[in-house]
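What follows is calculated from the coordinates using simple rules that are stated; it is not laboratory data. Values in this document were obtained by computation on a predicted structure and should not be read as measured data. Cβ coordinates were reconstructed from backbone atoms using ideal geometry, including for glycine residues, and neighbour counts include every protein chain displayed.
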Amino acid sequence: MVELSKFDLSARIGSLVLPYPTVALSGCYGSGAEFAPYVDLSRLGAVVLKSVTRRPRMGNSTPRIVHTPAGMLNAIGLQNPGIEWYLQHDVAKFAQTPCATIGSVAGFSVDDYAYVCERLAARSEIAAIELNISCPNVAHEGETFACDPELTARVVRAARATTDKPLIAKLSPNVTDIATIARSAVAAGADALAVVNTVRGMAIDIYQRKPRLGNVTGGLSGAAIRPIALLAVYEVARAVSVPIVGQGGIATASDALEFILAGASAVGVGTANFADPRAPMGILDGIVEYMTQQNVRRLRDLVGTANTGFANINQIEGDEG
Amino acid sequence: MRRFSDNPESFFKIWRKSLPVALASPISALVPTRILDRSEVARDVILLGVEAPELVKRVRPGHFAMALLPGGQAAGVALGIYEARGERCSLLFFLAGDRTRRLGALRVGDRLDLVAPLGNGFDCEGAERDVAIVAGGVGIASVLLPAQALLARGARVRLFYGARTAERLVEAERFAAEGCELLLATDDGSRGYNGVVTELLAREDAAEAVFACGPTPMLRAVSAYAQERNIPAQLSLEEAFGCGVGGCWGCVVPIVRTSAQAPSFPPSDADGSDVVHARVCVEGPVFRARELRW
């Protein structure tokens, strides 16, 4: 294990300061507790919880996962017990998680988001709220809130009115111009942006002559989408000045550093956890090794340094402090 | 001695009560192991023995392991734990895709990290004296430990084992050597019964209980067979996994809400019924046939 105390590895997401920039992504690390037997969760910046909706959801039929070259498709379909049950039975347990727990909210109307966000954000166990406006697996032909700047703004504005906790809007890569959506989310009050959710895709079984996923279409994640996600971060970082949680196929420290240099203040690890639950901790160690080599003490001094058009307010604030 | 034939009704009632279905999840760990032995038991079928003394102590029949591929970069592979004795566990798998081929490329002395043991496992402590184990293809990897446990408590164990060809009926002799009666079936008739193994099962005398592991169509047929005859059946399911430890909800199966294995979930708008999606990796992989709603 690398000596971490000599470095400032903190990452700011609105008013929330994470000790480490590594975040385990929604639906990829349970509530953290599922992975506690295998890793030291205190070496994780935060875990983003599985998305919760207003009403309970059964989720999609199986198969929900198909492994593909350099990645995987998933179509879980937001299986969750609904916000009331979640508040009564699940949320209290998150107080024991040795890292920050970020709630994730999904919905089918602007009102859904506001309703769930208000209730979840009111809980002390929840450090911040991710607005999952980009799940490709419950939408009609892939249309999500994050595909439209006005719908994105309406959801963020409605959620913003319910809480002062940091709001992270999770953007979709399945758009023509992600910078426009990013500007819209920030103008509506998002404190940070998660860039990006999965890329729509599918796979077909040639012998059964049927789509492999129960839901027919799914979201592609893993190394296959990394360059797509990296470009999205690069473009979003030039368009807005809020912190970005870069995500999409990050599996190694080198991957994570690409996102940081493109403008991400923090990095999300999703599919890589299925290859090795220790992936986020390995990434953190590798980042520190790189900082040692490069003689960089503060992680935020690296953010956006490969992006000429970058103007992240987080970095400026950090310099003042 | 209480016998099944004396009063099947009450027998099943007691059997149901005595079956601790929601066998508590094992305390699993990330186990670094070293490959002790590797053999290709048939073309494209690999048996890997690993050194894992602590794991051996915790493994129960029907448990599985997530094998983490060297170098990461692709999801781990869920494999039934084939043998567990002394200092050695073994994994038996078919080379079916990129990920299993990477596992198959490991050599003696290489390191292999396992997340194990996982899953609920088979309940082998029932009172049945006559058990049919039905295995199809790679499903054979998950039924040696239950066969050994059943034989150890004096049960008669018949292994109904089906594969595409004689060559693919790997390890059949091993089961015979353990004391199982073999009833083999191949799709091409190259060994044993010419047809699917569930046809062979239906032709023979019914057992008091059925354990099964194999492809989903086989498990569905076993389930139908067992329910028609009111025979308790434990099925170890196959499903595509993400994490294997309950964190992604990728590997679910619909089961009745009243099942002891059902996760506590309120009814949703969509189902409006008595069904809930349970995770194959945590609540399973072994489910009781009559509780499945697939």
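See the values below:
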quantity: Shielding by partners, peptide A:27-34 (average Cβ within 10 angstrom, other chains); calculated: 4
quantity: FRET efficiency, B:GLU125 to B:THR216 (Cβ-Cβ, R0 22 Å, nearest 0.05); calculated: 0.25
quantity: Cα-only Debye scattering, region A:11-320: base-10 log of I(q)/I(0) at q = 0.07, 0.08, 0.14 Å⁻¹; calculated: -0.23, -0.31, -1.01
quantity: Estimated inter-spin distance, A:THR292 and B:VAL108, nm [label 7 Å along Cα→Cβ]; calculated: 3.7 nm
quantity: Of the GluC sites (Glu not before Pro) in region A:98-184, those whose Cβ has at most 10 other Cβ within 10 Å and which sit in DSSP loop; calculated: A:GLU141
quantity: Shielding by other protein chains, A:76-85, mean Cβ within 10 Å; calculated: 4
quantity: Calculated [θ] (222 nm, deg cm²/dmol) that DSSP helices of n ≥ 4 give over chain A, each run adding -39,500 (n - 2.57); calculated: -8500 deg cm²/dmol
quantity: Spatial separation of Cα centroids for region B:127-202 and region A:47-91, in angstrom; calculated: 37 Å
quantity: Theoretical FRET efficiency, 1/(1+(r/R0)^6), r = Cβ-Cβ of B:ALA224 and B:ALA176, R0 22 Å, to 0.05; calculated: 0.20
quantity: Assigned charges on the beta-carbon of Lys, Arg, Asp, Glu; the protein assembly as shown dipole about Cα centre (debye); calculated: 560 debye
quantity: Förster radius 51 Å - calculated FRET efficiency between A:TYR207 and A:GLU3 (Cβ-Cβ, nearest 0.05); calculated: 0.40
quantity: Residue-span extension gain [B:GLU204 to B:ALA166] - 0.36 nm each, minus C-alpha spacing; calculated: 11.6 nm
quantity: Order of A:LYS165, A:LYS210 - criterion: other Cβ atoms within 10 Å of each residue's Cβ, fewest first; calculated: A:LYS210, A:LYS165
quantity: Shielding by partners - mean other protein chain Cβ count within 10 Å, residues of A:276-284; calculated: 3
quantity: Helix-derived mean residue ellipticity, 222 nm - over chain B, DSSP H n ≥ 4, -39500 (n - 2.57), to 500; calculated: -5500 deg cm²/dmol
quantity: Average Cα contact separation per residue, chain A, under 8 Å, 6 or more apart, as relative contact order %; calculated: 19 percent
quantity: Region B:26-118, relative contact order [Cα under 8 Å, separation at least 6], %; calculated: 42 percent
quantity: Region B:130-236: relative contact order in percent, alpha carbon pairs under 8 Å with at least 6 residues between; calculated: 30 percent
quantity: Added length on full extension, which subtracts the Cα-Cα distance from 0.36 nm per residue, B:LYS57 to B:THR258; calculated: 69.1 nm
quantity: Karplus 3J(HN,Hα) series, Hz, for region B:189-206 with 6.51 cos²θ - 1.76 cosθ + 1.60 (x for Gly, Pro); calculated: x, 6, 7, x, 5, 8, x, 7, 5, 6, 5, 4, 4, 5, 7, 9, 4, 5
